[in-house]
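**Student:** Let me give you the structure first, and then I'll get to my questions.
The values are calculated or read from the model by the stated rules, or taken from the named source; none is laboratory data. Since the model is a prediction, treat every value here as computed from it, not as a measurement. Counting neighbours? That spans all protein chains shown, and the Cβs are built from the backbone with ideal geometry, glycine included.
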């Protein structure tokens with residue numbers, strides 16, 4: 001089979017959780033083509049030898065987040081709708097020249113087709129709205145459900161029982177008939193019992209879209225540069241010129257742009273505290289490594305999903321400890 005894998009480029013999370021899927025597809029002997037852009041593309045090129053994968057760069061769509069992600073997305077709605085239509089037409093043209101058997105889209109709305117088996121990946125069946133707009137949540141859920149139903153299957157990376165790790169996001173409303181819970185989806189799943197590296201007491205994981213990524217990085221550097229605990233700050237920049245792993249130092253903080261999955265797993269299992277955003281892919285990674293009890297979640301301001309997950313998971317962590 002020939003499979004097209006297409007992660008959304010809003011932060012690195014959509015790309016990282018596609019890694020175990022790509023490995024599984026390759027292990028089954030199928031061909032993989034990745035559709036990616038920006039930092040997501042650079043991350044996937046580092047994880048997989050480029051001579052194995054064909055890489056296609058479509059024209060993507062994005063938004064510029066401000067104080068509120070929801071407000072920013074509402075302002076960007078025309079561009080998102082246009083981008084969805086554009087990528088759907090792009091896929092139709094592609095399928096006329098290159099035969100594929102399956103398309104796997106991680107939160108890209110327009111990559112479905114009646115010509116191939118189409119799969120949509122999301123943990124966020126419902127969208128958390130800010131306090132003043134909660135009344136819109138059922139309508140937004142129905143809209144997203146309509147998008148999901150254009151695909152043959154929907155993969156939900158979470159446990160089916162209870163509220164899982166996504167809580168309301170994946171479990172509050174009825175699940176579409178074409179949706180299945182597939183369990184944890186993490187780039188660390190294929191790493192067997194990493195040997196803990198205790199070099200650092202604290203690991204700070206920087207992630208997300210700009211400008212919040214840079215703001216978070218600056219805040220964490222200022223907070224921990226004078227802390228006696230040895231800290232590693234991982235910038236989440238796989239496309240940086242320093243991707244060779246060169247380390248810079250700021251006070252008592254070592255700074256590295258990016259690490260491969262194997263090295264990062266050893267550091268996360270060996271440290272005593274992990275400070276990170278409450279993005280869902282990060283959550284899955286920490287669950288896979290059995291490190292979530294060490295996590296201190298700092299949500300991106302204005303991102304209702306992360307604000308909800310931080311509250312939900314910090315409370316869940318208290319019951320686990």
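**Student:** So which residues in segment 254-278 are over 15 Å from residue 188 (Cβ atoms) and under 14 Å from the mean Cα position of the chain (by Cα), if there are any at all?
**Tutor:** Filtering segment 254-278 for residues over 15 Å from residue 188 (Cβ atoms) gives 254-258, 272-273, 275, 277-278.
Within segment 254-278, 277, 278 meet the criteria.
**Student:** Please pick out the residue among 204, 249, 175 that is over 18 Å from the mean Cα position of the chain (by Cα), surrounded by 13 or more Cβ atoms within 10 Å (Cβ to Cβ) and either modelled with pLDDT of 90 or more or closer than 22 Å to residue 21 by Cα (or both).
**Tutor:** Testing whether each residue is over 18 Å from the mean Cα position of the chain (by Cα), surrounded by 13 or more Cβ atoms within 10 Å (Cβ to Cβ) and either modelled with pLDDT of 90 or more or closer than 22 Å to residue 21 by Cα (or both) leaves just 175.
**Student:** Against the condition buried (at least 17 other Cβ atoms within 10 Å of the Cβ), assigned to a loop (DSSP other than H, G, I, E, B) and free of Cβ contacts under 8 Å to residues at least 24 places away in the same chain, how does residue 110 come out, does it pass?
**Tutor:** Numbers: buried (at least 17 other Cβ atoms within 10 Å of the Cβ): yes; assigned to a loop (DSSP other than H, G, I, E, B): yes; free of Cβ contacts under 8 Å to residues at least 24 places away in the same chain: no.
Taking the combined requirement at face value, the residue does not satisfy it.
**Student:** Tell me whether segment 299-306 contains one or more residues that are at pLDDT 95 or above, within 28 Å of residue 107 (Cβ to Cβ) and assigned by TED's automatic domain parsing to the domain that holds residue 207.
**Tutor:** Pass one, segment 299-306, residues at pLDDT 95 or above: none.
No, every residue in segment 299-306 fails to be at pLDDT 95 or above, within 28 Å of residue 107 (Cβ to Cβ) and assigned by TED's automatic domain parsing to the domain that holds residue 207.
**Student:** Next question, about the same structure. Which one of the conditions (1) under 25 Å from residue 307 (Cα atoms); (2) free of Cβ contacts under 8 Å to residues at least 12 places away in the same chain; (3) assigned to a loop (DSSP other than H, G, I, E, B) does residue 126 fail to meet, given that it meets all the rest?
**Tutor:** (2)
**Student:** Please report, ordered by residue number, the helices (runs of 4 or more DSSP H) entirely within segment 182-292 with at least 2 residues that are without any contact (Cβ under 8 Å) to a residue 24 or more places away in the chain. Steps first, please.
**Tutor:** Working: elements: 212-224, 261-270, 280-288.
Once the helices (runs of 4 or more DSSP H) in segment 182-292 are filtered for at least 2 residues that are without any contact (Cβ under 8 Å) to a residue 24 or more places away in the chain, what remains is 212-224.
**Student:** Now a separate question. Is it true that residue 150 is farther than 27 Å from residue 304 by Cβ, in the same structural domain as residue 18 (by TED's automatic domain parsing) and modelled with pLDDT of 90 or more? If you could, list the steps in order and put the result at the bottom.
**Tutor:** Numbers: farther than 27 Å from residue 304 by Cβ: no; in the same structural domain as residue 18 (by TED's automatic domain parsing): yes; modelled with pLDDT of 90 or more: yes.
Criteria not met by residue 150.
**Student:** Right, next: Counting just the residues of segment 118-147 that are within 18 Å of the chain's Cα centre (by Cα) and either farther than 22 Å from residue 108 by Cβ or crowded, with 20+ Cβ neighbours inside 10 Å (or both), which one comes out modelled with the lowest pLDDT?
**Tutor:** For segment 118-147, the residue satisfying everything is 128.
**Student:** Are any of the residues in segment 214-236 modelled with pLDDT under 90 and surrounded by 20 or more Cβ atoms within 10 Å (Cβ to Cβ)? Outline the logic, then answer.
**Tutor:** At the first step, the residues of segment 214-236 found to be modelled with pLDDT under 90 are 236.
Checking which are surrounded by 20 or more Cβ atoms within 10 Å (Cβ to Cβ) leaves us with 236.
For segment 214-236, residues modelled with pLDDT under 90 and surrounded by 20 or more Cβ atoms within 10 Å (Cβ to Cβ): present.
**Student:** Given the conditions (1) touching a residue at least 12 places away in the same chain (Cβ under 8 Å); (2) out of contact with any helix residue (DSSP H, G or I) (no Cβ under 9 Å at 6 or more places or on another chain), report the number of the one that residue 311 does not fulfil.
**Tutor:** In the conditions (1) touching a residue at least 12 places away in the same chain (Cβ under 8 Å); (2) out of contact with any helix residue (DSSP H, G or I) (no Cβ under 9 Å at 6 or more places or on another chain), residue 311 misses (1) alone.
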